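The values are calculated or read from the model by the stated rules, or taken from the named source; none is laboratory data. It should be emphasised that the depicted structure is a prediction, and the values quoted were computed from it without experimental measurement. Every residue, glycine among them, receives a Cβ derived from its backbone with ideal geometry; neighbour counts consider all protein chains shown.
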């Protein structure tokens with residue numbers, strides 16, 4: 001799984017071979033050190049011989065992917081781990097991953113059954129894909145009912161609204177090659193063209209997308225199943241958001257694929273097109289056959305999951321309750337996403353701002369020593385006081 005840009009978190013040079021860990025050409029980063037919480041009873045915890053409890057622990061590594069929500073959640077947890085354990089937490093083996101979408105881990109049941117990983121519940125917020133249209137367009141053409149999928153079957157209304165004609169949208173090349181190509185039924189030469197749009201005289205319109213790896217095959221099969229006069233223009237994972245945002249800034253008539261939580265959806269005034277209610281049987285069939293399964297229904301929200309390695313659970317028994325109790329709600333995630341968008345912040349800056357705002361909120365003061373806590377009592381395990389191997393001084 002790819003890791004996010006080093007502008008978010010400082011890159012860390014690690015000899016992963018020494019730990020017998022295959023990094024899959026990933027990049028590894030130190031957590032940001034700019035978000036320091038002012039009190040931690042854990043930092044004073046010592047063994048009976050006087051050595052530091054946190055200093056005796058190995059580093060912990062958290063895995064995140066390129067989604068901003070994944071980075072925000074990881075920064076939140078790293079900051080709170082450092083609050084508990086001190087700054088020794090960075091990299092040995094992958095211990096925790098805090099944003100798992102269903103499509104990221106289709107074999108999670110097998111992995112947990114085999115004892116390779118431990119499922120540690122929901123992160124707290126949901127994820128979902130969507131087909132979005134800016135509200136300046138929806139409001140201008142209110143008679144077209146753009147919030148409902150049947151609008152997409154009417155080429156005359158799509159044309160009247162000025163939606164980009166197929167083949168006339170932006171073109172993205174990576175190393176002089178299209179974003180995707182030669183993937184039957186998925187993408188050819190950077191686009192997907194359904195049979196509906198291959199017929200003579202067909203007038204079709206573009207849905208702007210990122211990459212076929214996101215919401216894999218869903219919108220190709222939805223276009224096929226509902227016979228929509230729509231093609232998909234893949235703009236690239238690293239290029240699409242800037243292209244889409246620039247079009248929105250200029251109030252251009254666009255429609256595009258997106259997901260929640262994301263900064264572009266949280267930060268803009270958008271309508272998610274409503275399709276027929278989700279049919280789980282269709283989506284189960286899609287997982288088995290992505291090229292010929294037809295979809296006629298909407299995607300369903302996904303409960304974002306967390307996983308931990310069994311080694312982590314063994315090495316850090318005091319943190320088992322912590323990782324199980326981690327929760328970030330939909331509203332909290334949206335708040336952080338909007339702050340990224342409005343302030344042009346990195347995920348690390350947005351997460352730190354939210355943490356400090358919550359920490360200092362009088363309504364959320366906890367019962368930790370010194371009056372600190374700020375809503376963290378449900379997140380922070382109590383330091384051990386009378387265990388045989390350690391004492392609190």
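Tabulated data
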| read-out | value |
| --- | --- |
| Test: residue in the stretch 209-216 that is on the phi > 0 side of the Ramachandran plot and surrounded by 17 or more Cβ atoms within 10 Å (Cβ to Cβ) | yes |
| Filter result for the condition that a residue is over 25 Å from residue 334 (Cβ atoms), assigned by TED's automatic domain parsing to the domain that holds residue 200 and assigned to a strand (DSSP E or B), over 232, 223 | 232 |
| Among the residues listed as 201, 169, the single one being out of contact with any helix residue (DSSP H, G or I) (no Cβ under 8 Å at 6 or more places or on another chain) and under 28 Å from residue 266 (Cα atoms) | 169 |
| Among residues of the stretch 165-178, those that are farther than 17 Å from residue 205 by Cα and either free of Cβ contacts under 8 Å to residues at least 60 places away in the same chain or surrounded by fewer than 16 Cβ atoms within 10 Å (Cβ to Cβ) (or both), counted | 6 |
| Single residue of 160, 183 found to be in contact with a helix residue (DSSP H, G or I) (Cβ under 9 Å, 6 or more places away or on another chain), farther than 24 Å from residue 278 by Cα and surrounded by fewer than 17 Cβ atoms within 10 Å (Cβ to Cβ) | 160 |
| Looking only at the stretch 237-251, and only at residues there that are free of Cβ contacts under 8 Å to residues at least 24 places away in the same chain and outside any helix (DSSP H, G or I), the one that is nearest to residue 140 (Cα to Cα) | 250 |
| Positions within the stretch 219-258 being touching a helix residue (DSSP H, G or I) at 6+ places or on another chain (Cβ under 7 Å), surrounded by 17 or more Cβ atoms within 10 Å (Cβ to Cβ) and closer than 23 Å to residue 286 by Cα, in sequence order | 221, 226, 228, 229, 230, 231, 232, 256, 257, 258 |
| Any chance residue 288 is surrounded by fewer than 14 Cβ atoms within 10 Å (Cβ to Cβ), in contact with a helix residue (DSSP H, G or I) (Cβ under 7 Å, 6 or more places away or on another chain) and farther than 24 Å from residue 67 by Cβ | no |
| Residue count for the stretch 139-157, restricted to those that are surrounded by fewer than 19 Cβ atoms within 10 Å (Cβ to Cβ) and outside any helix (DSSP H, G or I) | 5 |
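Residue-by-condition table, conditions (1) at pLDDT 80 or above; (2) surrounded by fewer than 17 Cβ atoms within 10 Å (Cβ to Cβ):
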position: 305; (1), (2): yes, no
position: 314; (1), (2): yes, yes
position: 336; (1), (2): yes, no
position: 345; (1), (2): yes, yes
position: 365; (1), (2): no, yes
position: 371; (1), (2): no, yes
position: 378; (1), (2): no, yes
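Every residue, every condition in (1) in a strand (DSSP E or B); (2) farther than 29 Å from residue 254 by Cα; (3) modelled with pLDDT under 75, yes or no:
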{"residue": "276", "(1), (2), (3)": "no, no, no"}
{"residue": "311", "(1), (2), (3)": "no, yes, no"}
{"residue": "322", "(1), (2), (3)": "no, yes, yes"}
{"residue": "333", "(1), (2), (3)": "no, no, no"}
{"residue": "339", "(1), (2), (3)": "no, no, no"}
{"residue": "352", "(1), (2), (3)": "no, yes, no"}
{"residue": "355", "(1), (2), (3)": "no, yes, no"}
